[in-house]
Structure formats: C-alpha cells, structure tokens
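Right, one structure below, let's go through it.
The values are calculated or read from the model by the stated rules, or taken from the named source; none is laboratory data. Keep in mind that this is a model prediction, so the values were computed, not measured. Here the Cβ is made from the backbone with ideal geometry for all residues, glycine too, and neighbour counts use every protein chain on show.
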Amino acid sequence: MKKVRFEKKKYTYLDSLKISIISSPVCTILYLILSLAVAILPTYQVIINARFIDNALGLIDGSATKRAVYISLAIVIGIIAYQWVVGPIKAYLANKIEMDMRVSLKGAYVEKCSKIEFKYIENTDSMDLMNRVADTMEHKFIDGFTNVVNLISLFMTIAGLLIVLITQIAWVALIIIAVAVPLLYLSFISGKATYEANKEITKYQRKYKYLTTVMTGRENVDERTVFGYNEKLNDKWFEQYEISRKMETRTRAKWFVKLKSGSMITAFLCTFIAAMLINPVATGIITIGMFFSLINATFDLVHTMSWSLTRLIEAVSTHIEYLKEITKFAAFEQYDNADAVPEGGIEFKSLEFRNVTFKYPGTETYILKDMNMKIEAGRHYAFVGANGAGKSTIAKLLTGLYQDYEGRILINGRDLREYTAAQLKAFYSVVYQDFARYSISIWDNIAIGCVGGADDEAISNAITALKLDSVIEGLEDGKDTLLGKLAQEGKDLSGGEWQRIALARCFVSEAPIRVLDEPTAALDPIAESNLYSEFAKLCEGRTTLFFSHRLGSVKLADYIYVIDNGHVEEQGTHSELMAAKQLYYTMYDSQRRWYQ
C-alpha cells in the first residue's frame, strides 16, 4: 500500500487530492461522486421548477394534465430530499477521511522530522514553520480537499445556472458575471492576507499555549502551588492572547467589510434584474414558471456567489499558502537513511579531530577554532571548560548532528561524513543535559537503550548497577509502574532518580562509546561527582566521554581536555594538569570547596 511522504517538491491542490485518495480511497471517491451530483442538480432543478409551475397553471386553462403536474412535483420533491440527505452523508465521509488522514499525515510528519538535519531543530524560524505545518495538519488537509471539491462543484452549479440564464435572457447572466469577477478576486486576496496574518499570530499563540500548559498541567503543579505565580502568568497569557486575537480580528474585519460591501451591491442588482424580467413575461418571451424559477435561481446564485463562493475561494487561497509552507518543510535537507537502525557489532579504535572549525548555521561566531584532539578505545576522557566554551558543540559534532564543519573528524581513520547514519548511530550511546523523561514504565524507559530489542538480563544488570532496585521496590506496580505526570496513576521521581534511569538507558546500549554531556548538571556537585564515579566504574574497559564544567567528577578520567575559546587550551591527566598550575588548576582550585 502506498504511503504518504513529504518528498521534496512543490505541493499543490493536486497533492491534497492524492493524499486524500491514499489515506481513504473509498470515502474520497464517494465524496467526489456525491459532490458531482450535487453540482448538477440545481441547473436541472430550475428547469423542473419552471415546468412544475407552468403545468400547475396549465391545469386552469386545460393545457396540462394532472399526471404531468404530479410527475414534475415528484421530481422536485426527489431533488429536495436528495439535497437534504447528501449533506450529512458528505459530512460523515469527510470526517472518516480526516481520521484516516490523521494516521497517514502524522506518520509522514514524524518520518520527515526524524530525518531532517539537526540545524532545523535548533533554529527558531524553522521550528515555527514546523509548528504551523503540524498544527491540526489533518484538519487543514481535509478542509483543503473538501473546499476545493465544493468549489469546483459550486463553479459547475454556477456555470449551469448561467447557461440557463443565457438561453433565456443573456444580458442578465453577463451582468452577474461582470459584478462577480471583482468579488472573487477580492476573496482570493483575502485568503492570502488571512494566512500571512496567521503566520505572525502563530508566534503569540505558541507563547500563550505554553503559558496555558504551565498554569494547568501536572508537570508544574508543585512550583505553581509554592510560588503562586498563576496570577502573574495569567496576565502574561492574557497579553499574548489579546495581541493574537486583535491581529486576527483586524484582518478578518477588514476583508469582511470589503467582500460584503460587494455582496450588497450584487443583491441590489438582483432586485433590479427581477423588475426588468417582468416585461419579457408580459410579452410571452418567457413563461410565468420560468420567470419565478429564474428569479429564485438568480437570488440563490447571488447568495451563493456572495457568501458560499467567496468563503470557499478565501479558504482555498488560505490552503494554497499552507501548501507553500508544506513545500518549504518538505525541502528541509535530511540525512540519508537517518531512520535506519544502528548496525550491531561495530568496532571502535579511535576518534580524532583535525583542525576542526565550526559555527552554527545562520551565525557568524565560530564556536570551535582549529580544534585538535584524539580519543582511543577503552579509555575514559573528560572535556572540561566554562559554560559556552564549546563542550556540547564537540558532542554534537562527534555524533554527527552537524556535518558542515571545516577540518576533519576521523573515526577509525575514516572521515565521519563517509559513514552511513546507521553506522554512526552504532558508535554512540548518549545522555544529554536535557535528557528525556518518558511517561512510560521504568523498565521501558531503560529498554529504549536496547536498539536491537529489549535484553532483560542487561536491563536487570543496569537497574542493579545504577541502584534503581530500591526505587522499583517503592513503586506500586514495580517495574511496570507508569512514570511522569501524563497519566493520572503516573508516579513522578526525583531528579536524581530520573538521571539514574537515563544513565541506565545508556548503560544497556551495546554502543562502544558512551557520551555524557552534563546530564547531572541539576545535581549538587558532590552528588554529581559520586554518580560519575559510579558510572565510570561500571564502564570499565569501555570508551567513555564526560563533558562537564564541574571538575570534581573528572579526576578519575584517564585523560582530560580543557576547552577554552573553542580550542584545546590544555590536556593531560589530573595530576599533570594540577602540576602545570594553569587554567585547569585555577578552575579546580576555585571549585575545591564544593567537594569538601
């Protein structure tokens, strides 16, 4: 079965139709058939209504039979009944298509996000774009699909009615067309303006939605209770919400006045047309039945063109702008085979930075400048330096998150950029400073580290090694207890316990290199030092990289790199660096009291 994918190309309304067919083929085809029937009926209804009225009047002078009246009446009733029934059926089909789209589109979005280069994740503008794309995505696509189908259906209806008018009184149809064209153009421009305004509004919506989560979510309930900050944050929420609301209201009001002013002119024109049709009736050019049917059709046509048609064109125009955003999102550069499973059994011998220089995309400041260093298998390394020295950037580069650097990074003597995504992933198991706290069981939290499948023995060993046995014993459902505050029955843990789970997740991985990028920064220095020491002992014989601005935890490292101003300022063992009495000595001496 064909899947929805966000491939690099220009997205058009044809893609909305394709996505609908891929997601829900049967319902999509039924929706199209019903819409086609709805489009044709109004034209036929004008003719049938005229025939019914003429036949009914013909009974008086004997020019028509009761049978003819009953037949035309039955057809009129049948058309009306179909129009009543088809609405709910189409609504049901649209709802079913939307639910099917939710599955296919969310899957495609997640797949794309898993492959895009890391630079987009850390860029505010690209993240805003991704938020706009992802927000109620399936709703936007089903709206786009139904709106364009209904618009085409409406155009067919209008064309049919205009043809009837032209065959009867051509000048009436021409006047309606002349007035309608500027109205339709205004509708299209309105849709574009509305979407552009929504792009600006998104920035404020993201802020007030975040504040809503802070003020109502379980995650912040403790601090919310202690500090009582709701009133203050509520003021900030109201400020952001009001900016968003006023921007949206101004845009909508501006275009509403323009569009509906044109609609009122068209409505007055219809009254004039009705008066002008009296003479053709009196002279017998058109029948009384056709007169009433045309008047009814003309007013319906004007109402449709003034309200339904302008609304649909505005909506279609808005969706076109949304598709432009989809095109930009789909064009995000991505890693080849980024979602590939790490290859097992990979061997690590060495890792080397040779004159590596790097600045983040869109910036001019270099974070690393001619960085040189070497890592050998089976040893413990520590990277220390002040905040902002470039330690986390080194971790991002050696794991392949950024590859647009100058110089070379070699793994086993081979350029890092020559490895596949699956091979790169196989080298590393990483715990970042902002490690994830998954709202699943403690067992599953750790099992995530077993990429090739949950190894029960390895997980049990990690639980014992990281002293999580007592934590599990204190949980109501033991290792199967849900963690976090997402579920009502979820159990939250202390910061230190969450950090031990993150380290256990790293510990069970078969990757030959374990990277710890300040995951214990929230702990006090002594607790951090003890936890690092425990982890170092557990990883005996494995290559371990510690990144920290606290030096008490790095004494046991086999080799230490001191990072300052984007390059290696000093390197050596703890004793060698202390004896040198330079930057490392100064930093360690300033922190000595933390560990006493």
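Under 9 Å between Cβ atoms, at least 6 apart or on separate chains: pull out the pairs that start in segment 281-292 with a residue that is assigned by TED's automatic domain parsing to the domain that holds R51 and farther than 18 Å from A56 by Cβ and end on any residue that is assigned to a loop (DSSP other than H, G, I, E, B) and at pLDDT below 70. Filtered contacts from segment 281-292: I285/I169. Pairs please, first residue from segment 93-106 and touching a residue at least 40 places away in the same chain (Cβ under 8 Å), second anywhere and assigned to a helix (DSSP H, G or I) and surrounded by fewer than 18 Cβ atoms within 10 Å (Cβ to Cβ), Cβ atoms under 6 Å, 6+ apart in sequence or on different chains. That search, which allows pairs on different chains as well, returns L93/L30. Contact annotation: no residue pair with Cβ atoms under 9 Å, 6 or more positions apart or on different chains, pairs a residue in segment 300-321 that is in the same structural domain as L161 (by TED's automatic domain parsing) and farther than 15 Å from N147 by Cα with a partner that is among the small types (G, A, S) and modelled with pLDDT of 75 or more. Taking first residues from segment 112-133 that are over 22 Å from K3 (Cα atoms) and among the aromatic types (F, W, Y) and partners that are at pLDDT below 85 and surrounded by 14 or more Cβ atoms within 10 Å (Cβ to Cβ), the Cβ contacts under 9 Å between residues at least 6 apart in sequence or on separate chains come to F118/Y335.
Considering L401, L466, L475, the condition of being surrounded by fewer than 18 Cβ atoms within 10 Å (Cβ to Cβ) and either touching a residue at least 60 places away in the same chain (Cβ under 8 Å) or among the hydroxyl-bearing types (S, T, Y) (or both) is satisfied by L401 alone. Looking at this structure, is V76 in the same structural domain as L154 (by TED's automatic domain parsing), in contact with a Phe, Trp or Tyr (Cβ under 9 Å, 6 or more places away or on another chain) and part of a helix (DSSP H, G or I)? Here the answer is yes, as V76 does meet what is asked.
What do you reckon, is A39 of a type in the set (A, V, I, L, M) and not in a helix (DSSP H, G or I)? In short, no. Going residue by residue through segment 43-65, is there one that turns out to be closer than 20 Å to L162 by Cβ, under 32 Å from the mean Cα position of the chain (by Cα) and touching a residue at least 60 places away in the same chain (Cβ under 8 Å)? No, that holds for no residue.
Here's a check for you: in segment 449-466, which residue that is in a loop (DSSP other than H, G, I, E, B) and more than 20 Å from E518 (Cα to Cα) is modelled with the lowest pLDDT? Among those residues, the one meeting the criterion is A454.
Tell me the residue from L32, L36 that is modelled with pLDDT of 90 or more and either surrounded by 16 or more Cβ atoms within 10 Å (Cβ to Cβ) or over 25 Å from the mean Cα position of the chain (by Cα) (or both), please.
That would be L32, the only listed residue that is modelled with pLDDT of 90 or more and either surrounded by 16 or more Cβ atoms within 10 Å (Cβ to Cβ) or over 25 Å from the mean Cα position of the chain (by Cα) (or both).
Out of A108, A178, report the one residue that is in a helix (DSSP H, G or I), modelled with pLDDT under 70 and small (G, A, S). None of the others qualify; the one that does is A178.
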